[in-house]
Amino acid sequence: MQKESSSPSINLTAPVPKVGVAVFLLKGKKLLLGRRLSAIGNRTFALPGGHLEFGESFEECAAREVKEETGLDIGNIEYLTVTNNVLLKEVKPIHIVCIFMRAMVADPQQQPLNVEPEKCDGWDWYDWDDLPKPLFGPLENMVQSGFNPFPAS
């Protein structure tokens, strides 16, 4: 006779939340945004970032993603907050747990490059009080909640 397992069954076909890291990259009173060219958040302005890789720290992911997307080196990387985002209105609904980090450009003279033109329409610096529209959903939610990524002076 086979003994029943007391552990819950796992649905291997159910969607699984993804873990992302997004970076508020600051330069003075501006932050870096790019217009997404992907199925998720297409044509919205978003922070640089991407998926956390196995074994990677949040800081390592932030530095890697910013370098891969913009060519910029960053420093003073710090954790800000985490959000839980279920995006049901996308072409393919997705659940993203997003870790938001803050960093500074290592060399203020260095300019962002559009390293992945198939994923982004270009990068530019924007004033926090004059952000472009539309913003990517998780970022828009943070702005609407009153969140401010700039250190208190």
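The values are calculated or read from the model by the stated rules, or taken from the named source; none is laboratory data. Bear in mind the structure is a predicted one, so any value in this text is a computation, not a measurement. Virtual Cβ from ideal backbone geometry, glycine too; neighbours counted across all protein chains shown. Heads up: the accessible areas ignore ligands, DNA and RNA and are worked out on the full protein's heavy atoms, side chains in. Shrake-Rupley method; radii C 1.70, N 1.55, O 1.52, S 1.80 Å.
Do you know which residues across segment 67-83 are part of a strand (DSSP E or B) and either without any contact (Cβ under 8 Å) to a residue 40 or more places away in the chain or under 11 Å from Leu25 (Cα atoms) (or both)?
Within segment 67-83, Ile74, Gly75, Asn76, Ile77, Glu78, Tyr79, Val82 qualify.
Output the qualifying pairs, or none if there are none: Cβ atoms under 7 angstrom, residues six or more apart or on different chains, first residue in segment 88-117 and outside any strand (DSSP E or B), second residue surrounded by 11 or more Cβ atoms within 10 Å (Cβ to Cβ) and of a type in the set (A, V, I, L, M).
Listed by first residue and then by second, the contacts come to Glu90/Ile40; Pro93/Leu87; Ala106/Ile74; Gln110/Leu72; Pro112/Leu32; Pro112/Leu72.
If you take the residues of segment 102-140 that are among the aliphatic types (A, V, I, L, M), open to solvent by less than 50 Å² (accessible area, probe 1.4 Å) and over 22 Å from Val19 (Cβ atoms), which of them is modelled with the highest pLDDT?
Leu131
Hey, can you tell me all the residues within segment 37-74 that are open to solvent by less than 40 Å² (accessible area, probe 1.4 Å), over 12 Å from the mean Cα position of the chain (by Cα) and within 15 Å of Asp124 (Cα to Cα)?
Correct list: Thr44, Thr70, Gly71, Leu72.
Out of segment 107-140, which residues are aliphatic (A, V, I, L, M) and more than 22 Å from Thr81 (Cα to Cα)?
Hits for segment 107-140 are Leu113, Val115.
Of the conditions (1) under 19 Å from Ala39 (Cβ atoms); (2) touching an Asp or Glu at 6+ places or on another chain (Cβ under 9 Å), Glu140 clears all except one; give me its number.
Looking at each condition in turn, Glu140 falls short on (2).
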